[in-house]
Amino acid sequence: MTRSSTPVTSPGGPTLIASGDEQLVDDALRWCAAVGSVPERADDVAAVRRSWRTAAAVLVGDDLVAPLARAALPRREHVVVVARDPERSWPSAIDVGAVAVCTPADEQRVVELLSSALDGSGEACVVSVIGGVGGAGASTFAVALGLQAARRSLQPLVVDADPLGGGLELLTGTERAGGVRWDDFGSTKGRLDAASLADVLPARGGVSQLVWSRDSSRQVPGSWSEVVSAAVRGFDLVVVDVPRHLGDTGAELVGRSVLTLVMVPEEIAAVAAARQVLAAVSPRAPAVALVSVARPAGIGVGAVEEALGMPALTRVRPDRRVRPAVDQGRGPGRSRSLRRAAGTVLDAVGLESP
């Protein structure tokens with residue numbers, strides 16, 4: 001796993017006040033008290049970096065927003081910039097992924113945003129899965145992660161964010177199931193209710209799914225960020241099947257993820273392709289790990305690790321039962337290899353069995 005050698009957990013700590021401006025800090029302390037949040041202060045980029053991923057929310061002062069933008073920290077939920085001159089701070093606020101730019105006078109708005117971050121929300125673990133090459137099994141493994149999480153009594157959501165993929169609903173046999181799909185969020189504006197989202201999505205085997213309609217044009221809706229934010233508030237685990245050619249949406253999703261998995265078949269050509277994918281993903285992802293996919297007469301996991309310069313978090317072995325089970329709409333849930341590999345990933349991100 002790159003950029004992190006320890007299990008990664010999702011945000012759930014105190015509110016981070018990122019500012020050296022004493023007046024703004026005093027205001028932020030009052031806002032934290034209003035929502036019952038324990039504050040943590042950081043007055044420089046190094047201190048902010050240490051708590052950036054673990055804070056439940058981040059209040060960034062206009063004195064630090066530009067330095068933080070230059071530091072290129074990974075994207076995360078619930079960042080609010082507080083500035084006396086909002087127009088001047090907007091470009092840097094966009095770069096740090098802020099959901100809003102408020103003035104010190106916007107007290108009610110800031111308190112509402114902090115409450116949103118703390119209402120059982122921001123606690124989902126987001127994991128992205130990307131194929132290092134076409135046909136690596138990223139979609140199948142994304143579903144396997146969701147199924148394994150359900151076995152651990154967690155509430156998982158699997159998101160199909162690859163418009164050119166075959167469709168996760170075909171892997172799980174839910175193409176005719178009722179529920180809303182990506183296409184239904186095309187006109188959504190404002191904050192979505194997390195509990196309602198969990199109620200309306202199609203589900204099977206304890207795994208909710210956000211997928212495409214079969215007759216869809218498969219255009220990611222402009223409201224996708226709000227939809228994903230609601231998912232983070234409403235589920236324990238959000239697994240995203242991300243396309244290899246990231247684009248703006250894929251880059252944002254990888255940036256929001258606690259861990260990004262790159263699936264690499266144990267073949268020379270696949271390793272060469274995966275090297276390019278890693279080069280695109282690694283600068284954007286807080287943590288990256290390999291999942292090695294065994295192939296008959298393949299080069300082996302050791303050769304994959306040596307060629308890519310990082311160890312594999314886990315390995316998926318061939319299972320002849322997977323393809324017919326998927327073709328029959330039963331999903332990959334009975335594969336012992338997928339279950340073991342998915343369990344290793346869940347352990348690594350802190351979602352151990354109870």
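The values are calculated or read from the model by the stated rules, or taken from the named source; none is laboratory data. In this text the structure is predicted, and so the values were computed from the model without any measurement. So basically every Cβ, Gly included, is an ideal-geometry build from the backbone, and we count neighbours across all protein chains shown.
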Inset, instruction - Within the stretch 272-280, identify whether any single residue is out of contact with any Ser or Thr (no Cβ under 6 Å at 6 or more places or on another chain), in a loop (DSSP other than H, G, I, E, B) and closer than 18 Å to G132 by Cα, and answer yes or no. - result: no
Inset, instruction - Give the stretch 270-312 a look and list any residue that's without any contact (Cβ under 8 Å) to a residue 24 or more places away in the chain, farther than 25 Å from R339 by Cα and more than 19 Å from the chain's Cα centre (by Cα), or say none. - result: A272, Q276, E306, G309
Inset, instruction - Among residues belonging to the stretch 245-291 that are of a type outside the set (A, V, I, L, M, F, W, C), touching a helix residue (DSSP H, G or I) at 6+ places or on another chain (Cβ under 7 Å) and modelled with pLDDT of 90 or more, point out the one that is farthest from E306 (Cα to Cα). - result: T260
Inset, instruction - Output the number of the condition that G255 fails; it satisfies all remaining conditions of (1) at negative phi; (2) of a type in the set (G, A, S); (3) out of contact with any Ser or Thr (no Cβ under 7 Å at 6 or more places or on another chain); (4) assigned to a loop (DSSP other than H, G, I, E, B). - result: (4)
Legend entry - Number of the exception - S10 against (1) modelled with pLDDT of 85 or more; (2) surrounded by 21 or more Cβ atoms within 10 Å (Cβ to Cβ); (3) closer than 22 Å to T260 by Cα: (1)
Legend entry - Residues of the stretch 313-327 satisfying the condition of being touching a residue at least 60 places away in the same chain (Cβ under 8 Å) and not β-branched (V, I, T): L313
Inset, instruction - Taking E77 as the residue in question, decide whether it is closer than 22 Å to S282 by Cβ and in contact with a Pro (Cβ under 7 Å, 6 or more places away or on another chain). - result: yes
